[in-house]
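The values are calculated or read from the model by the stated rules, or taken from the named source; none is laboratory data. Just so it is clear, the structure is predicted and the values come from calculations on it, not from any experiment. Using ideal geometry, Cβ is built from the backbone for each residue, glycine included, and neighbour counts are taken over all protein chains shown.
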């Protein structure tokens, strides 16, 4: 393990360049990191007094990427965040009527011996109305008057309306049903073919039911994130996972908000590759080798397969929060077992992969690079097995 100490302002500059992905400045990052390739330089070259100068310094640890380290990476990579308040929520009850529900009422008057009180011929459907439950929970039905509907089941509302109608209609027959559950609406936004507000009912009460209605883009469901917001609680999952994992097909509640967006993660591949720069990560299971292939592969004339470095943005940010030294990971792709590790090591958003130039294995060139780029930096090393 090699440990380097660099000026703080230089570290901040590197972080800024990585975040902005400015290709014209990537040469600085590459030049710096090729200077850090202790794996190709005898350890005797590095001495605490190799470069001297003032200024605050920040330490880096150079870590060989082993099987154990790779497994730790796998544990940290995930794309589902589902709080228990969403995962364990009970389905919405549709037994009782609520404010804004639209109720359909059909009244029959079976008396055929005389003209219907409701104005139609006997035995016909004499009255059909669609009325909403108002903000006070009341329902206004002709001939029955105003009745309290909120909190009642359909059967209870039916009996209440019959009691009212019998005052003016001879032996009325009644059908009552909910036309629309407007009290239980969810909102869908983002990359949906049919964004808008959708009413929940017994046939459409889970996340997959609503997604089937809104028809999101299906080209790459693995890279589409579905976010469900309920008050201050937010759950996030990939569209592909909702289809495959029944535990993610959560019951929806009134006023839930669903946002569908594309996950835009990038990995920057720099150095001795054929297509330097940031590249979009097309899927979750995307390895270091996949990223190098996406960048056109290593440059056969320049690349040093033993000098491949993984620079993890999340690792730097975490090290700053925990006040510890960040790690730059090293891979020697000239070794078959390391090739397998690189194939299984997944990249994360804003990772940087640097492929060393074979010419930098010359000690004098590395020394010149360090003096030119690091200026007043102080470089120290530690070898750990």
Checklist entry - Which residues, counting only those in region 303-321, are closer than 20 Å to residue 278 by Cα, touching a residue at least 24 places away in the same chain (Cβ under 8 Å) and in contact with a strand residue (DSSP E or B) (Cβ under 6 Å, 6 or more places away or on another chain)? => result 303, 307, 308, 309, 310, 311, 312
Next on the checklist: Any residue at all in region 279-291 that's surrounded by fewer than 14 Cβ atoms within 10 Å (Cβ to Cβ), touching a helix residue (DSSP H, G or I) at 6+ places or on another chain (Cβ under 6 Å), under 30 Å from residue 341 (Cα atoms) and modelled with pLDDT under 95?
Outcome noted: yes
Next on the checklist: Restricting to region 226-265, name every residue that is in a strand (DSSP E or B), in contact (Cβ under 8 Å) with a residue 60 or more places away in the chain and crowded, with 18+ Cβ neighbours inside 10 Å.
Outcome noted: 228, 230, 235, 237, 238, 258, 259, 260
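Listed here are the residues, each with its yes/no results for (1) within 15 Å of residue 96 (Cβ to Cβ); (2) in contact (Cβ under 8 Å) with a residue 24 or more places away in the chain; (3) not in a loop (DSSP other than H, G, I, E, B).
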| residue | (1), (2), (3) |
| --- | --- |
| 160 | yes, no, yes |
| 163 | no, no, yes |
| 169 | no, yes, no |
| 175 | no, yes, yes |
| 178 | yes, yes, yes |
| 188 | no, yes, yes |
| 194 | no, no, no |
| 211 | no, yes, yes |
Item to check | Condition check for residue 113: out of contact with any strand residue (DSSP E or B) (no Cβ under 8 Å at 6 or more places or on another chain), buried (at least 17 other Cβ atoms within 10 Å of the Cβ), part of a loop (DSSP other than H, G, I, E, B) and modelled with pLDDT under 95 | outcome: no
Checklist entry - Could you say whether any residue in region 367-377 is at pLDDT below 50 and in contact with a strand residue (DSSP E or B) (Cβ under 6 Å, 6 or more places away or on another chain)? => result yes
Checklist entry - How about region 266-278: which of its residues are closer than 26 Å to residue 219 by Cα and not in a loop (DSSP other than H, G, I, E, B)? => result 266, 267, 268, 269, 277, 278
Next on the checklist: Condition (residue is surrounded by fewer than 16 Cβ atoms within 10 Å (Cβ to Cβ) and within 16 Å of residue 106 (Cβ to Cβ)) applied to region 155-165: is it met by at least one residue?
Outcome noted: yes
